[in-house]
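All remarks here apply to the structure that follows.
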Amino acid sequence: SDREIRDQLVTIFVAGHETTAVALTWTWYLLSQNRDVEARLHMELDASPDEPPAYARQVVEEAMRMFPPVPRIPLRRAAADDVVCGVQIPKGAYVCVAPWVIHRHRGLWEDPERFDPERFAGERPPRFAYLPFGAGPRGCIGASLALTEAVVVLSEIARRYRLRLAPGQVVAMKPRMTLRPLGRIGMELVARAA
């Protein structure tokens, strides 16, 4: 229907804008805290001036692993009694998938609290171990666009600047539908030498 088409378009533009912005916010924060990763990103950007290097994508993907833009996929209500992985789910129970938990699960990720873009250099993570865009028929329709947009924005800004956490800045999270920072994350732009 016309209403469904309108609703889908609103979702793409509104949700797509905020989730990409949140992903980039956490990417810049992580880069400011991991100078070795930032140095490698700059080295690879300098070596490929015409397009984003593969490492830029790895950086964004790893940032989304650590800080998934949507930390909890909305609740669903069980239509009938069920058993999932040996757990009884009664009819009417609310169930959700939590990328925040899955992305930090020690059974799926080695040293999950460490920011390591190399995780995305070779083989893809096991199916359903990495869900920044959900999965299956309800996965994000704009996943490819959002990832491409984030990588291009990261690359173009990082070619010219370093971002540094402002002095005295305290960073905390405010998980809502998206994983926003609590307040703002004050960053300082530092021009890179030509």
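A few points about this structure:
- Spin-label model, I157 to A143: label points 7 Å out along the Cα-to-beta-carbon direction sit 2.4 nm apart.
- Over the stretch 28-180, equivalent-ellipsoid semi-axes from the Cα gyration tensor in Å: 33, 17, 15
- Rolling a 1.4 angstrom probe over the protein heavy atoms with all chains in place gives the stretch 98-152 an accessible area of 62 Å² per residue.
- Here the Gaussian network model covers the chain, with springs between Cα atoms less than 10 Å apart; of P117, P167, P181, P167 fluctuates the most.
- Environment charge of R114, counting only residues whose C-beta is closer than 11 Å and scoring Lys/Arg +1, Asp/Glu -1: -3
- Local net charge near Y130, Cβ-Cβ under 14 Å (Lys/Arg +1, Asp/Glu -1): +1
- Listed residues R162, R184, R76, most fluctuating in the chain (Gaussian network, C-alpha, under 10 Å): R76
- Residue of Q88, Q169, Q33 that the Gaussian network model of the chain assigns the largest fluctuation, springs spanning Cα pairs under 10 Å: Q88
- Approximating the spin labels as points 7 Å out from Cα along Cα→Cβ, the M177-to-S48 distance works out to 3.4 nm.
- Count Lys and Arg as plus one, Asp and Glu as minus one, and take only other residues whose Cβ is under 14 Å from that of R176; the net charge is then +2.
- Between helix 143-160 and the chain there is an angle of about 20 degrees, using the helix long axis and the longest principal axis of the Cα atoms.
- Relative contact order [Cα under 8 Å, 6+ residues apart], the chain, whole percent: 26
- Accessible area of the chain belonging to carbon and sulfur atoms, whole % at 1.4 Å probe: 57
The values are calculated or read from the model by the stated rules, or taken from the named source; none is laboratory data. Note that the structure is predicted; figures quoted are calculated from it, not measured. Positions of Cβ are generated from backbone atoms using ideal geometry, with glycine treated the same way; all protein chains shown enter the neighbour counts. Keep in mind that these areas ignore ligands, DNA and RNA; they rest on the heavy atoms of the full protein, side chains included. Shrake-Rupley method; radii C 1.70, N 1.55, O 1.52, S 1.80 Å.
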